[in-house]
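Below you'll find the structure, written out as structure tokens, and then a few comments.
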Amino acid sequence: MTQAGMKHHPLTLQTRLMAAVIGFVSLILIIVAVITSATLGTSLEGRLNDQVKANAERTSYLVAQQQLRSPATGEPVTARTALAGERFQVSGLLLAVSVPEGTSGVVATPRGTTDLTHEQLRILRDAVETSNHAVVSLPGVGSFTVLVHKSEDFVTVTGLPRDEVQSTMAQLLTVITLTTLGGLILLALTTAVTISVSLRPLRAVAGTAMRVANQPLDRGEVSITERVPAAEADPRTETGLVGASLNKLLDHVNNSLAARQSNEERMRRFVADASHELRTPLASIRGYSELSLRDQELPDTAQTALERIQAQSLRMTRLVEDLLLLARLDEGQELVHGSVDLTQLALEGLADARPTAPEYRWSVDVSEEPTIVLGDAGRLHQVVANLLANARTHTPAGTEITLSVRREGDCAVIRVHDNGPGIEPDVRDELFARFARGDSSRARQTGGTGLGLAIVKAIVEGHSGSIDVESEPGSTTFTVRLPLWPAPEQATQAAG
């Protein structure tokens, strides 16, 4: 068996508490039962020994008297003759007499006396050979506590049955066992209910924490309304203190998230306003630079400077436009939804990308039937264009780039695959962040803004879709998933 297979499942707090309480109480009950049984057994044994001793004195006296009368009567001394005419209060008295003439034994019963057989006498003799006091079990008669009395002329063995002692002990053990089992069952039920009620606040805390954990807290406007009920958050109890502490923590987190959201919205408005305001001066700079470049009498140095100003203004304009687009996408703007055929869009996107990089090997893989989604055609075209541009920018000439569109379940899937050098793992996690930069193997070779993939992600998520990337040396694939429109069940209903 493996080490993993030998691991036990962890026990709950309720199970551990119940096991501890029931185990400890069971130990106490067992100790009490053992002590009670031992004490009562000792008492019963002592009383029985006293009765045996008293009867032994009486039977020895009777045997002695019978031996004195024997010469006159001519009757041999036996256990039966010794007990003749005597009534003993204790039923079941055993008497064995050993005289020079022989050995005999009887057991007194309410209906008379019963002679012991030779086998029973032998067993009795073997039991008392080494001790004057013994416990012996005789087949067909029962168990006896016996006492030996020796004199010069005879030996007597007197015994009383142990039935009463054994019956009393058996009844006691039965009562103790049943009482203990009943008490433990009642204790288990009481403990289970008590612990369950006591742990209810912890379950409320766990439920609240689980509901909060399932909420998306990483972005957007978030408000944590879940709280531990006031009845389960009483700080005067240990478990209630946990609930009260969690409520205080959730209040603090909720306030922090509200402050974060306020800061993000303020920053988003600032970026949008700043981007909007920068468009006019940038357009002016670009216009004046273009107008100045029309002057044929400009010296070479001035013309070069103006060309640099125009190029940088164009790059700055693209950056401002991208920032403004991201800000509006974050606010849920900029998307105009309609029916979009991704198959046609992919063909157009590849047709636009192929002339810009003829040194690359371009291919497209689409199905014959249209793949329709509900979305913004212009923005989805931008998604395809950005992904193709990203593949072209970060791979060497001669790389094969494949654009595919497929239906998978209730999703339309766009894939852009290249066999370039791949993406480093430490870069992959931040690939869709704003102003992200690739490593040297996929270094930016055109003056990109670092916002292309961030825009792609914002547009895709604005269409209730998802994007991910898988990369290794020689294979990189960006996968975009968008819900089909109409959904398959809606299309079936419409066809019907």
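Return the total of residues in segment 387-430 being on the phi > 0 side of the Ramachandran plot and surrounded by 14 or more Cβ atoms within 10 Å (Cβ to Cβ).
At the first step, the residues of segment 387-430 found to be on the phi > 0 side of the Ramachandran plot are 398, 409, 422.
Now drop any that are not surrounded by 14 or more Cβ atoms within 10 Å (Cβ to Cβ), which leaves 422.
Total satisfying the criteria: 1.
Here are some conditions: (1) surrounded by fewer than 13 Cβ atoms within 10 Å (Cβ to Cβ); (2) not hydroxyl-bearing (Ser, Thr, Tyr); (3) not in a helix (DSSP H, G or I). Residue 159 meets all but one. Which one does it not meet?
(1)
Working carefully through the options 199, 241, find the one that is modelled with pLDDT under 80 and either under 26 Å from the mean Cα position of the chain (by Cα) or among the aromatic types (Phe, Trp, Tyr) (or both). If you could, list the steps in order and put the result at the bottom.
Working: 241 fails: modelled with pLDDT under 80.
Just a single option satisfies the conditions, and that option is 199.
Is at least one residue of segment 377-394 among the hydroxyl-bearing types (Ser, Thr, Tyr), assigned to a loop (DSSP other than H, G, I, E, B) and at pLDDT below 90?
Step one: list which residues in segment 377-394 are among the hydroxyl-bearing types (Ser, Thr, Tyr), which gives 393.
Going one step further and asking which of them are assigned to a loop (DSSP other than H, G, I, E, B), we end up with none.
There is no residue in segment 377-394 that is among the hydroxyl-bearing types (Ser, Thr, Tyr), assigned to a loop (DSSP other than H, G, I, E, B) and at pLDDT below 90.
May I ask you to list the residues in segment 339-371 that are more than 22 Å from residue 454 (Cα to Cα), touching a Ser or Thr at 6+ places or on another chain (Cβ under 6 Å) and surrounded by 17 or more Cβ atoms within 10 Å (Cβ to Cβ)?
343, 360, 366, 371
Among the residues of segment 386-434, which ones are of a type in the set (Val, Ile, Thr) and either touching a Phe, Trp or Tyr at 6+ places or on another chain (Cβ under 6 Å) or not assigned by TED's automatic domain parsing to the domain that holds residue 459 (or both)? Step through it out loud before you land on a result.
As a first pass, look at segment 386-434 and keep what is of a type in the set (Val, Ile, Thr): 393, 395, 399, 401-402, 405, 413-414, 416, 423, 427.
Scanning segment 386-434 gives 399, 401, 416.
May I ask you to say which residue of 320, 340 is closer than 30 Å to residue 374 by Cα and modelled with pLDDT of 75 or more? Talk me through it step by step, then tell me what you get.
Working: 320 fails: modelled with pLDDT of 75 or more.
Residue meeting the stated conditions: 340.
The values are calculated or read from the model by the stated rules, or taken from the named source; none is laboratory data. If you're wondering where the values come from, they're calculated on a predicted model, not measured in any experiment. For neighbour counting, all protein chains shown are included, and Cβ atoms are generated from backbone atoms with ideal geometry for every residue, glycine included.
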